[in-house]
Structure formats: C-alpha cells, structure tokens
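Undergrad: Mind having a look at this structure? Questions to follow.
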Amino acid sequence: MKRTDDCGRFRKSDIGRTATLMGWVQSRRDHGGLIFIDLRDREGITQVVFNPTLSPDIHKQAHGLRSEDVIAVHGQVEPRPAGTVNPQLSTGEVEMIAEDLEILNPAKTPPFPIEDNVLVSENLRLKYRYLDLRRPRMLANLKRRHQILRAVRNFLDGHGFIEVETPHLTKSTPEGARDYLVPSRVNPGQFYALPQSPQLFKQILMVAGMERYYQIARCFRDEDLRADRQPEFTQIDLELSFVDREEILLLMEAMLCEVFLAVKGIHLQTPFSRLSYPEAMDRYGTDKPDLRFGLEIHDVSSLVSDSSFQVFQETLNRKGVVKAMVLGGKAMLSRKELDELTEVAKGLGAKGLAWVKVSAEGFESPIVKFLGEPLLRKLSGALSAKTGDLLLFVADQLKTAREVMGGLRVQLSERFQLIPADQFHFVWVTDFPLLEYDETEQRYVAMHHPFTSPLDEDLPLLETEPRRVRAKAYDLVLNGSEIGGGSIRIHRRDVQIRLFKRLGIEPASAQEKFGFLLEALEYGAPPHGGIALGLDRLAMILSGAESIRDVIAFPKTQKATCLLSDAPSSATERQLKELHIQTEIVE
RNA sequence: GGGGCCGUAGUUCAGCUGGUUAGAACGCCGGCCUGUCACGCCGGAGGUCACGGGUUCGAGCCCCGCCGGCCCCGCCA
C-alpha cells in the first residue's frame with residue numbers, strides 16, 4: 001500500500017474519496033461488531049471503522065490491533081451517521097470505512113499513554129523520549145520551535161545576513177563559564193573546548209568583511225542546570241558591521257514582530273520598553289524585570305530618616321536603605337498570611353519585613369507607634385497608596401534590599417496572580433556597567449564579556465574609576481526572562497588591550513589567549529556589534545512551557561545525563577590510549 | 001558544594017500511631033457487545049514498597065547511608 005493522505009486532512013468535501021492512511025493506533029473501541037480505530041499521525045487523527053459485514057477478514061484482523069501499532073489502512077471516506085459527529089476532531093465529520101489493513105509493525109504496550117494531560121514522571125519521559133515526543137503538546141512545541149527558526153531565517157535572509165557556521169572544536173578561553181573539553185588525538189595532552197558562544201569567530205567574520213552574519217548556533221557551558229538552563233543550548237547569533245546600538249535594537253524588534261506574527265499571529269507593540277540598568281535595579285530590584293505587572297519598588301530612605309523606628313534608623317546609620325512596595329488591595333491579609341510573607345522575605349535574605357495596612361480607620365501595623373500618623377500619611381502619599389492597600393518595607397544594605405524586594409515582587413505576583421495571561425512584555429535593559437568587582441578573585445571582571453565596548457565618554461574612566469564605566473551592552477528581557485544579550489564590540493586593538501589590562505590579563509597572557517583577535521583588529525576591523533537570542537527560552541515562552549526540556553527534543557537531566565542514550569559513559573581503554581589519556585577519579 | 005520535595009502494580013497515586021493477606025483508578029489480558037470517540041458490561045493477571053544497612057517481637061511507615069528524578073542557592077563572561 002502507498003500512503004495517499006495524512007490523518008488530519010479529511011473534511012466533508014472529501015466524502016467519497018478512496019485513500020490510504022498510515023499511522024499509529026491511538027485507541028481502539030471494539031463493539032464486538034463494529035470496531036473503531038483512532039488513527040494518529042503527525043497531522044491529526046482520523047476515525048477508521050471496521051465493519052464485519054462489509055469486510056469480515058479485515059474486521060477479524062482489526063480485533064488484534066493495540067495502542068501504538070503502526071498500520072496502513074485503505075478505504076473510502078464516508079460521512080458519519082447523524083448524531084455521531086465528533087466536534088472535538090478536525091476530521092470529526094467524516095470517517096474512513098476500512099477495506100484493507102496492513103500491520104506495518106506491532107507495538108509493545110507503551111509505558112504511558114500517548115496523550116496530553118497525563119502525568120508521567122520525568123524519568124520515564126526522558127527514557128522513552130520517542131514516546132513522549134509523540135504526545136501532541138510535545139510535537140506542537142517542536143513544530144513551534146521550527147516555525148520560530150523559519151521566521152528568523154526568513155527575516156535575516158531578507159535583511160542581508162549570511163549564515164556562516166563556526167567551529168565546535170575550538171579554543172578554551174579564560175573568563176566566562178566552565179568549558180567542555182575535547183581531547184586531541186593528534187596533539188597529545190592538548191584539548192579543544194566546545195564553544196560557549198561563537199563570539200570571537202563572529203567578530204573575526206566582521207574583520208573578514210562579512211558585514212552581516214548570523215548562525216543558529218549550538219553553545220556549550222559546563223554549569224549546573226536549571227528549569228531554563230541546559231548545558232547545550234541554541235542561540236540565534238548575529239553580528240553586524242557599521243552599526244550602532246540603536247540599529248541593532250530596532251532590527252531585533254522587527255525580527256521578533258515577524259516571529260510572533262508567524263508563530264502566534266500576534267502583532268507586538270513597538271518600540272519595546274527600555275530601562276537603563278540602574279533604573280531596572282532601582283524600580284524592580286533585578287536586571288531582568290517582569291513588566292507584565294506593577295509592584296514597583298520605591299526608595300523611602302529619606303522619608304523615614306527621622307522616624308523613631310530603630311530598625312530603619314540603624315540600617316540608615318550603617319549606610320543602608322529602606323525600600324517600599326505597595327501591594328494593592330491586600331490590607332485584608334491575616335496575621336498568618338503576613339507572617340508567611342515575612343518568611344518569604346527572610347528566605348530571600350531579608351532580616352525582616354515591615355508592613356502597614358492602609359484601612360478606612362487609619363494605619364494598622366505593629367510599627368505605627370514608631371512611625372507616627374503624620375509620617376505614615378506622607379509615606380502613603382509618596383507611594384500613592386489607597387485605602388485597602390498594604391505597604392511593605394525592607395531595610396537593609398542596598399544590594400540585599402534590592403534582591404529581597406525584587407524577589408518578593410516576583411513571588412507576590414505569583415501568589416496573588418497579578419500576572420495577566422497571554423501577555424508578552426519585552427524590555428531592553430541598557431547601560432550596564434562594563435565591569436563588576438569579583439570579591440573572591442579580588443579583581444574586576446567583565447559583566448557582559450571582555451570584548452564589549454565602553455561608552456565613548458566613559459573610556460577615560462577605565463583606569464581611574466572602573467566602576468563608573470558603562471558598557472555599550474544591552475539585554476532583551478521578556479516576561480522576566482533574559483532571552484538575549486549583546487553589545488557593540490571593541491574594534492580597536494589599543495582599547496582591547498586597555499580592557500584586558502583592567503581585567504588583570506597581562507599582555508603576554510592576552511597574546512596567548514586572544515592573540516589572533518588582537519592581530520585581526522590591526523588589519524582594518526570595522527566597527528561592529530551584535531546580539532544573541534536564546535532560542536530555547538524564546539520557544540519556552542511561546543509554548544507556555546514550564547521547563548526548557550519541553551522545547552528540546554533530547555534534553556539532559558539535572559545531572560547532565562541523557563536518560564535515552566545513557567550519556568555520559570566511560571571510554572574504553574583503547575579510546576583512552578589513542579587519546580593519550582589516563583583517568584583517575586579525584587574526590 | 002549546599003538546601004528542599006519525591007521514589008509503593010505497566011502508569012498516577014492512597015496506605016492512619018510501626019501490627020492480619022499492601023489497596024484504588026487508569027492501563028494490560030480473556031469474554032460479551034453494530035455507532036463509539038474517557039465506549040459499556042463481566043471476569044482475570046499483575047508488587048525486589050528504588051537500593052543497602054540499622055532500630056524493633058514486628059518496618060512501605062522510624063533512623064543512617066546510597067542511587068535516581070525535580071525545584072532552588074552557589075555557578076551560568
């Protein structure tokens with residue numbers, strides 16, 4: 001038999017057609033007389049009817065069909081009898097009357113049903129990934145991922161980008177994440193590293209005059225996993241010559257508009273919101289704020305500076321701050337619920353959480369007597385609080401207070417369901433500091449990466465006030481998730497050397513690690529910059545997936561193993577010998 | 001490296017204060033059933049309670065260890 005159609009296509013207009021379908025048995029309903037089979041393939045489900053009076057032999061065969069058997073069915077498309085139409089199926093108005101049946105491959109009973117909304121342990125799903133991927137939601141997720149990439153390639157192709165592949169076997173570089181190493185057989189004792197990103201190669205491509213490059217790039221980072229982090233992941237990676245920041249941001253906005261239109265049929269609002277890094281940290285306590293809801297953080301340090309509340313006073317005396325947030329309409333929370341919020345705050349690193357209820361009768365709080373009515377009125381005025389609102393205060397050093405309030409903001413939005421459904425709120429975060437001081441290493445490290453250009457006007461501060469140097473870097477945040485980041489790069493050797501020096505990378509070391517880049521910068525490197533978007537996270541959000549594993553065909557477990565193939569595993573003596581490697585497990 | 005949750009039938013789970021033969025639903029197997037689509041009805045099989053120790057007259061349950069899965073902190077330029 002030869003397949004003529006897929007299981008999702010038949011409608012009323014196909015009635016009378018003769019066709020052959022091939023697919024998997026989704027379910028069998030055996031009435032003794034009639035047997036109904038739901039036949040499933042990638043495109044949908046068609047009901048197949050086996051009638052003992054019409055084709056007794058075929059009917060007898062159909063009796064033995066079981067879930068996930070792979071079959072071919074030949075027959076005629078007929079209308080379903082009145083009253084038996086299934087509106088839940090796109091093919092529900094018709095059915096195929098089987099005239100011929102071939103069992104292409106019988107299947108063992110699957111360890112879990114091939115359906116959405118069936119709870120299955122992650123263990124089983126990953127071990128039998130080929131069954132898990134048969135489930136409609138997983139199939140839809142992979143299709144959606146494909147649609148995203150198709151839209152991206154379409155867009156970039158239309159904007160003059162050239163897709164170039166860069167090596168997977170490359171050079172380990174200092175800074176950044178832990179590398180995956182690959183031993184070299186031909187060069188005993190030496191190792192390649194898998195790329196954490198194609199960063200240097202794409203910059204070299206700019207020097208090569210490519211002008212506009214992109215790549216759907218697999219990246220590898222040997223760090224611990226999270227719900228939104230896998231050790232190998234995919235970036236939509238691009239780099240452009242002769243552009244400024246503004247051009248790149250607008251280009252990405254246009255690209256994402258196309259992606260969302262193609263994938264979701266949604267017209268995104270442009271331009272995207274923008275926040276400077278200091279603004280994001282002040283108002284949302286994080287550099288990846290979720291702007292789908294308010295709950296902004298306010299600094300009330302100066303307002304409460306002469307209150308008699310000891311906790312505030314002592315914090316301010318120690319150069320700390322007092323941060324406040326208004327939780328709208330939550331003055332009715334019970335003491336128990338407020339205690340729970342306090343525990344949440346403590347879990348985030350706070351010493352405590354002060355609260356004030358704004359009620360019709362006045363202010364209610366254990367600290368009313370310390371703050372006093374006039375000050376509370378001033379506070380609630382400054383915070384635009386209304387009757388029925390709950391004010392929350394955290395007093396601590398700036399860094400902790402931000403972290404606590406930022407974390408609290410997210411947790412409160414979940415707990416009180418303040419996040420509107422089906423909203424996609426993009427925000428660009430700009431003007432990151434170029435450097436941050438690493439306490440354990442006792443030196444400055446690049447906040448983005450060591451090839452990021454400082455703002456021109458801040459360049460002179462590099463040696464004198466490194467903390468104040470801002471970078472030409474930008475992150476793209478969607479619904480509180482960092483989905484991309486990039487920068488304008490350094491394209492002059494002298495500036496790059498100054499930055500390496502600032503990072504504590506001496507000229508000799510810089511030459512060894514990045515010599516090829518430094519040399520390339522001398523041969524007419526154009527000004528350039530770029531960005532990389534995390535495809536997996538984007539796909540996650542567009543799919544409403546809770547885990548990055550649900551948008552990756554073959555993901556790793558939290559211990560970075562593959563339950564399907566059982567990787568990683570030990571190497572044979574012979575392999576190791578060829579690689580000039582001995583293994584010894586060091587505890 | 002650290003904190004937390006989980007592991008009992010093929011699957012998802014229940015299993016009381018430690019006490020008789022470890023249960024339910026779905027799935028599976030057999031039978032009946034000609035309009036079902038969560039088909040229905042009758043019957044049946046199915047257990048290394050993850051694993052290893054310990055406490056106890058007695059452990060699915062308590063203790064210690066260990067393996068595995070998940071979430072988080074650190075880490076992720």
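Any read-out appearing in this document is the output of simple, stated calculations on the displayed coordinates, not a laboratory observation. Quantities reported herein were computed from a predicted structural model and do not represent experimental measurements. As a convention, Cβ positions derive from the backbone with ideal geometry for all residues, glycine included, and neighbour counts pool all protein chains shown.
Undergrad: In degrees from 0 to 90, rounded to the nearest 10, what is the angle of the helix A:493-502 Cα long axis to the longest principal axis of chain A?
TA: Taking Cα atoms only, the helix is inclined about 70 degrees.
Undergrad: Let me ask you something else. Over chain A, calculate the relative contact order: mean separation of alpha carbon pairs under 8 Å at least 6 apart, over the residue count, as a percent.
TA: Reported as a whole number, the value is 13 percent.
Undergrad: Can you give me the relative contact order of segment A:199-282 as a percent, contacts being Cα pairs under 8 Å and 6 or more apart?
TA: 22
Undergrad: Modelled label-to-label distance, A:ASN317 and A:GLU436, 7 Å Cα→beta-carbon offset: nm?
TA: 3.1
Undergrad: Once the Cα gyration tensor of chain A is diagonalised, what are the square roots of 5 times its eigenvalues, in whole Å and ordered largest first, as equivalent ellipsoid semi-axes?
TA: The answer is 51, 37, 23 Å, longest axis first.
Undergrad: Rounded to two decimals, what is the ratio between the C-alpha radius of gyration of segment A:1-120 and 2.2 N^0.38 Å?
TA: Its radius of gyration relative to the 2.2 N^0.38 Å reference: 1.00.
Undergrad: Another question about this same structure. Could you list A:ARG537, A:ARG498 so that the one with the fewest beta carbons within 10 Å of its beta carbon is first and the one with the most is last?
TA: A:ARG498, A:ARG537
Undergrad: Let me ask something additional. From largest to smallest, what semi-axes in whole angstrom does segment A:171-258 give when each is the square root of 5 times an eigenvalue of its alpha carbon gyration tensor?
TA: In descending order the semi-axes read 29, 19, 10 Å.
Undergrad: Give me the distance in nm between label points sitting 7 Å out from Cα along the Cα-to-Cβ direction at A:SER302 and A:LEU564, one decimal.
TA: Simple spin-label model gives 5.9 nm for this pair.
Undergrad: Please give the FRET efficiency for A:THR4 paired with A:ASN117, using the beta carbon to beta carbon distance and R0 = 45 Å, rounded to the nearest 0.05. It would help to have the intermediate numbers written out before the result.
TA: On the way: r = 32 Å, r/R0 = 0.71.
Calculated transfer efficiency: 0.90.
Undergrad: Would you mind working out the magnitude of the charge dipole of chain A relative to its Cα centre, with +1 at each Lys and Arg C-beta and -1 at each Asp and Glu C-beta, to the nearest 20 Debye?
TA: So the magnitude is around 660 debye.
Undergrad: What is the list of residues in segment A:8-23 whose amide nitrogen lies under 13 Å from a point 7 angstrom out from the Cα of A:GLN76, following Cα to Cβ?
TA: Hits in segment A:8-23 for A:GLN76 at 13 Å: A:15-19.
Undergrad: Cβ under 14 Å from A:LEU348's Cβ, A:LEU348 left aside: what net charge do those residues give with Lys, Arg +1 and Asp, Glu -1?
TA: +2
Undergrad: Let me ask something else about it. Using +1 at the Cβ of each Lys and Arg and -1 at the Cβ of each Asp and Glu in chain A, identify which of A:PRO289, A:LEU101, A:LEU200 lies farthest towards the dipole's positive end.
TA: Towards the positive end, the residue furthest out is A:LEU101.
Undergrad: For a Förster distance of 60 Å, can you work out the FRET efficiency between the beta-carbons of A:LEU455 and A:ALA107, rounded to the nearest 0.05?
TA: Working: r = 62 Å, r/R0 = 1.03.
Here the calculated transfer efficiency is 0.45.
Undergrad: Report the FRET efficiency, 1/(1 + (r/R0)^6), for A:GLU247 and A:ARG153, where r is their Cβ-Cβ distance and R0 is 22 Å, rounded to 0.05.
TA: 0.65
Undergrad: Another question, then. So how much slack lies between A:GLU465 and A:ARG66, counting 0.36 nm per residue of separation and subtracting their Cα-Cα distance, in nm?
TA: In short, 136.4 nm is gained.
Undergrad: Could you state the angle between the C-alpha long axis of helix A:335-347 and the longest principal axis of the C-alpha atoms of chain A, as a value from 0 to 90 degrees rounded to the nearest 10?
TA: Computed tilt is about 80 degrees.
Undergrad: Can you give the charge dipole size of segment A:329-386 about its Cα centre, rounded to the nearest 20 debye, using +1 on the beta carbon of Lys and Arg and -1 on the beta carbon of Asp and Glu?
TA: Dipole magnitude for segment A:329-386 comes out near 160 debye.
Undergrad: Identify, among A:SER308, A:LEU238, A:LEU275, the residue whose Cα sits farthest towards the positive end of the charge dipole of segment A:208-322, taking +1 on the Cβ of Lys and Arg and -1 on the Cβ of Asp and Glu, with the dipole about the Cα centre.
TA: It is A:SER308.
Undergrad: Grab the eigenvalues of the alpha-carbon gyration tensor for segment A:158-207, scale each by 5, take roots, and send me the semi-axes largest first in whole angstrom.
TA: 26, 13, 9
Undergrad: Mind ranking A:18-28, A:112-122, A:137-147 by how tightly packed they are, going by the mean number of other C-beta atoms within 10 angstrom, highest first?
TA: A:18-28, A:137-147, A:112-122
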